[in-house]
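The values are calculated or read from the model by the stated rules, or taken from the named source; none is laboratory data. Only a predicted model underlies this, so the values are computations on that prediction, with no experimental measurement involved. We place every Cβ from the backbone using ideal geometry, glycine too, and count neighbours over all the protein chains shown.
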């Protein structure tokens, strides 16, 4: 599928020139900074030189004082505390951070992760019953709970207090917990709104340390886990998240948590520094696999390990679960692709809604993402569970999936999520009606350009602009992620030659006039190789990266799109 090329509008010349001259940088680098909202020397200094001293006071968060007082009371009275969290990477890292910190000076600590299949997302009645039966009087819920009003009331009826640490959007009423920590509360004045669930857990620790005049390094030892949560939960890498990720990556690459070190050892093909991308594709999926295949408590046991030897045993279990997850993922993706490719009606639709009762519930979200990449349209993959249909949905840029599901709500038992990802359940007998209704809603509201994948280009540059100094400055834009993506450049009228590698990737060398030659990698672009080798000139979109192969480092262009 041809991608739609969109070049960001040029910034005001005066703004660009002023920042360029003030910082002594090139016009291109000044453009990139302004695109990220950086307009002054001081803002640039904060961006390029993040410091842990820039982290906000945790007591600016609504209810933080109440949360710390209640935790101190529980520790002083030797109450039992249960750390409760979601079963994904953000939830398990959050639980691991808070549990690991408090267990060092409080014996009555346990953790609890709900079962994805029998309990589902968020705070469960089963979890509260477990706490009551085992004498817990305080639950600290992380990465969930902001809409669990009825569950908090149920816990209160059993004399269990709740502290909620969440980062999702609240409902109309805040739960009646002892403390509700969520920067997205309308009455919360905390300056940064995009923390991960684990980030909220980190702020609890930071606040406890601050209140009790402890060494702040006790909190900083968990920054690698915080960085893993930020990268895996796809939250913006701006502001405070940028600082936490910057220092978290440093720790990950020098002195990682024992559990993370064990996972890094399993990623033996990695050379050089781990990046946000490496977390997303190598560490995150392994942690997630525990909750998808067996139980996410296995991931927490790994991440709270006190020695590398202990972590090795748990990492082997998690890695086995990840291999099983990959097998399910591959098989179900192939089956789903076959269903579409062999059905003219499905091929022509503007949405994909597929159901098979034996598909594994733990991987349907991954399969939905893969099919969205392939066909680039709103996609729902569904399976049978507990006598009902459960589905996982993914969207394309600009299309509000949650809004589309709300138009089908009379056919659903439950649905939840946000604009680009959601989950749902429905009675089996509603399947056909839902497939048709969802297609009608999508085809009636989606704009044609939304069905074509977009390449968002920062600016056009010449290949002669790329040298070691330019790349050194570009490196300082890292860590990359949402709202600070790796810049995509376009260079026009280049020529090149190369060959196919693997099944459908290309390795080519390109030049532009008398520029130096640049090695390029292009994933999934094998269809272009004959025309490239014919000598035709073309425009190319790419990111710039450093390739480290057998100890040899060189700049490489990672091609995102080609146009003749």
Where in region 242-308 are there helices (runs of 4 or more DSSP H), lying fully within it, with 2 or more residues that are touching a strand residue (DSSP E or B) at 6+ places or on another chain (Cβ under 8 Å) and assigned by TED's automatic domain parsing to the domain that holds residue 217?
-> 297-303
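Does residue 87 satisfy the condition of being closer than 22 Å to residue 301 by Cβ and in a loop (DSSP other than H, G, I, E, B)?
The answer is yes for residue 87.
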Return yes or no: is residue 513 at pLDDT 95 or above and either surrounded by fewer than 20 Cβ atoms within 10 Å (Cβ to Cβ) or not in a strand (DSSP E or B) (or both)?
-> no
Hey, among 280, 300, 276, 228, which residue is more than 23 Å from residue 61 (Cβ to Cβ) and modelled with pLDDT of 95 or more?
-> 300
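Of the residues that make up region 396-416, is at least one touching a helix residue (DSSP H, G or I) at 6+ places or on another chain (Cβ under 6 Å) and in a strand (DSSP E or B)?
Yes, the conditions are met somewhere in region 396-416.
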Number of the exception - residue 130 against (1) part of a helix (DSSP H, G or I); (2) closer than 26 Å to residue 250 by Cα; (3) at pLDDT 95 or above | (2)
For region 171-188, enumerate the residues that are within 19 Å of residue 69 (Cα to Cα) and either in a strand (DSSP E or B) or free of Cβ contacts under 8 Å to residues at least 24 places away in the same chain (or both).
-> 179, 180, 181
Flagged in region 361-392 as buried (at least 19 other Cβ atoms within 10 Å of the Cβ) and assigned to a loop (DSSP other than H, G, I, E, B), in numbering order, are 377, 378
Looking at region 15-46, which of its residues are free of Cβ contacts under 8 Å to residues at least 24 places away in the same chain and closer than 23 Å to residue 244 by Cα?
-> 33, 34, 37, 38, 40, 41, 42, 43, 45, 46
Residue check for residue 19: more than 28 Å from residue 299 (Cβ to Cβ), surrounded by 13 or more Cβ atoms within 10 Å (Cβ to Cβ) and at pLDDT 95 or above = yes
Of (1) touching a residue at least 40 places away in the same chain (Cβ under 8 Å); (2) under 21 Å from residue 397 (Cα atoms); (3) in a helix (DSSP H, G or I), residue 434 satisfies all except one. Which?
-> (2)
Of the numbered conditions (1) surrounded by 20 or more Cβ atoms within 10 Å (Cβ to Cβ); (2) out of contact with any helix residue (DSSP H, G or I) (no Cβ under 6 Å at 6 or more places or on another chain), residue 351 satisfies every one except a single condition; which is it?
-> (2)
Kindly indicate whether any position in region 156-166 is part of a helix (DSSP H, G or I) and in the same structural domain as residue 101 (by TED's automatic domain parsing).
-> yes
